[in-house]
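Just below is one structure, and these are the notes that go with it.
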Amino acid sequence: MKQTKTKTARLLSGACTIVTIVTACSVILLARITSAQTVSYTDNFESPTLNPFWRIIANAGSVTVPSTAQAHSGSNSVQFNSLSNAGQKGIYLRHDLEQPSFGQISVWFYDNGAGVGSANYLTLTASGPNGGMNLFTQDYDFGPGTDGHYYKYDATGVPATTTALPRSQGWHQFAINTQAGSVTLSVDGTAVYSGAADLPVSSFAFGMYGPTWRPAWTTSFDDFQATLVHEPRLSIRVSQVELCWTSITNATYRVDYRSDLTTNTWLTLSNCVPSAGIETCIYDRVPRGQPQRFYRVVATNCVPGI
């Protein structure tokens, strides 16, 4: 006569005890590591070739490096060149991080579109798994009191917003400061937006863009800086469970499992398990990504090894 016995499923130092059927407990522990990794990136574009740190995106345009046309510091900068009526403009230097990180990103740009009725957008942008944020100029400036005369920003959950800071010809700085729970966007050291958000960065870029019909344009960027903090997250996964049940001498048992109590059929995990005395145990590997598994123990009359 077959019957289902009481058993215990043990997980590391914890235990789950259920009569007849027990769920294999899946344990995932997240531990925050207090020693975070801080990495700093700087580029003043003085080198004779572009640092391989950057990936060039050049739609209807090109990037010149080094360029002596303008320089915020030193002798050189990086120059962006767009074409007119050659498709949607999009010329950037971009970098993708291995892991999303918080930190500060800034770049200087030469705003030669200030006071000009038709130009190209200039931008610093950063994005990650939760969204992104941008500082930018319009591709036109018709003077004080008009929308394009002021620096602008947007972010995930924040629509495009015009700041109170007027544009002017010359060098200016865009800066993004994103921390766990907060974002601050600044122009020339003045915060134009501060808000609650959790926007880690996995990529950032700066450059120039605009519709195909806007004029061909050339401008410069210089003195890029980024200080990013990556906080590793430790995941601890249970990879094996020990299944134990009360047993009697000279008995044999079969252990079955299934992933759902109502829809799946029982599958044999181990057949004809000989009793080890008053308690018998076997092990089962916990497959990665499997949310649950149910077990039962059935007394049998089999002969081990046959």
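The values are calculated or read from the model by the stated rules, or taken from the named source; none is laboratory data. These numbers come from a predicted model, not from an experiment. Glycine also receives a Cβ, built like all others from the backbone with ideal geometry; neighbour counts cover every protein chain displayed.
So is LEU243 in the same structural domain as ASN51 (by TED's automatic domain parsing) and crowded, with 18+ Cβ neighbours inside 10 Å or not? Full working, then the answer.
Numbers: in the same structural domain as ASN51 (by TED's automatic domain parsing): no; crowded, with 18+ Cβ neighbours inside 10 Å: yes.
Answer is no for this residue.
Here ASN264 meets each of (1) in contact (Cβ under 8 Å) with a residue 40 or more places away in the chain; (2) outside any strand (DSSP E or B) with one exception, condition (1). Assess whether ALA226 counts as being surrounded by 21 or more Cβ atoms within 10 Å (Cβ to Cβ) and either under 30 Å from VAL116 (Cα atoms) or among the aliphatic types (A, V, I, L, M) (or both). So ALA226 passes the test.
Among the residues of the stretch 276-305, write down those that are charged (D, E, K, R) and in contact (Cβ under 8 Å) with a residue 60 or more places away in the chain.
The answer is ASP284, ARG293, ARG296.
One residue stands out in the stretch 267-277 among those that are in a strand (DSSP E or B) and more than 40 Å from the chain's Cα centre (by Cα): the one that is farthest from VAL303 (Cα to Cα), namely THR268.
None of ARG296, ARG288 is among the basic types (Lys, Arg) and surrounded by 10 or more Cβ atoms within 10 Å (Cβ to Cβ) except ARG296.
Can you find, within the stretch 191-219, the residue that is surrounded by the fewest Cβ atoms within 10 Å (Cβ to Cβ) among those that are under 23 Å from GLY87 (Cβ atoms) and touching a His at 6+ places or on another chain (Cβ under 8 Å)? That would be SER203.
Per the listing SER127, SER62, SER101, the residue uniquely buried (at least 21 other Cβ atoms within 10 Å of the Cβ), under 30 Å from the mean Cα position of the chain (by Cα) and more than 22 Å from GLY170 (Cβ to Cβ) is SER101.
With the structure loaded, tell me whether TYR150 is farther than 26 Å from SER77 by Cβ, surrounded by fewer than 23 Cβ atoms within 10 Å (Cβ to Cβ) and aromatic (Phe, Trp, Tyr) or whether it fails that test. Here the answer is no, as TYR150 does not meet what is asked.
Can you pull out every residue in the stretch 229-244 that is part of a strand (DSSP E or B) and of a type in the set (Asp, Glu)? Talk me through it step by step, then tell me what you get.
Within the stretch 229-244, the subset part of a strand (DSSP E or B) is 229-230, 233-237, 240-244.
Answer for the stretch 229-244, where residues must be part of a strand (DSSP E or B) and of a type in the set (Asp, Glu): just GLU242.
For the stretch 134-154, taking the residues that are in contact with a Phe, Trp or Tyr (Cβ under 7 Å, 6 or more places away or on another chain) and in a strand (DSSP E or B), the one that is nearest to TYR209 (Cα to Cα) is identified as PHE136. Considering the conditions (1) more than 30 Å from PRO100 (Cα to Cα); (2) of a type outside the set (Lys, Arg); (3) surrounded by fewer than 10 Cβ atoms within 10 Å (Cβ to Cβ), SER235 is excluded by exactly one of them, (1). Scan the stretch 79-94 and tell me whether some residue there is crowded, with 22+ Cβ neighbours inside 10 Å, β-branched (Val, Ile, Thr) and within 24 Å of THR190 (Cα to Cα). The answer is no; no qualifying residue exists. Highlighted here would be strands (runs of 3 or more DSSP E) found entirely within the stretch 173-228 that include at least 2 residues which are of a type in the set (Lys, Arg) and assigned by TED's automatic domain parsing to the domain that holds ASN51, but there are none.
Looking only at the stretch 35-50, decide whether some residue is assigned to a loop (DSSP other than H, G, I, E, B), modelled with pLDDT under 85 and of a type outside the set (Lys, Arg). Break it down stepwise before answering.
Within the stretch 35-50, the subset assigned to a loop (DSSP other than H, G, I, E, B) is 35-36, 44-50.
Then drop every residue that is not modelled with pLDDT under 85, which leaves 35-36.
Now restrict to residues that are of a type outside the set (Lys, Arg): 35-36.
Scanning the stretch 35-50, I find at least one residue that is assigned to a loop (DSSP other than H, G, I, E, B), modelled with pLDDT under 85 and of a type outside the set (Lys, Arg), so the answer is yes.
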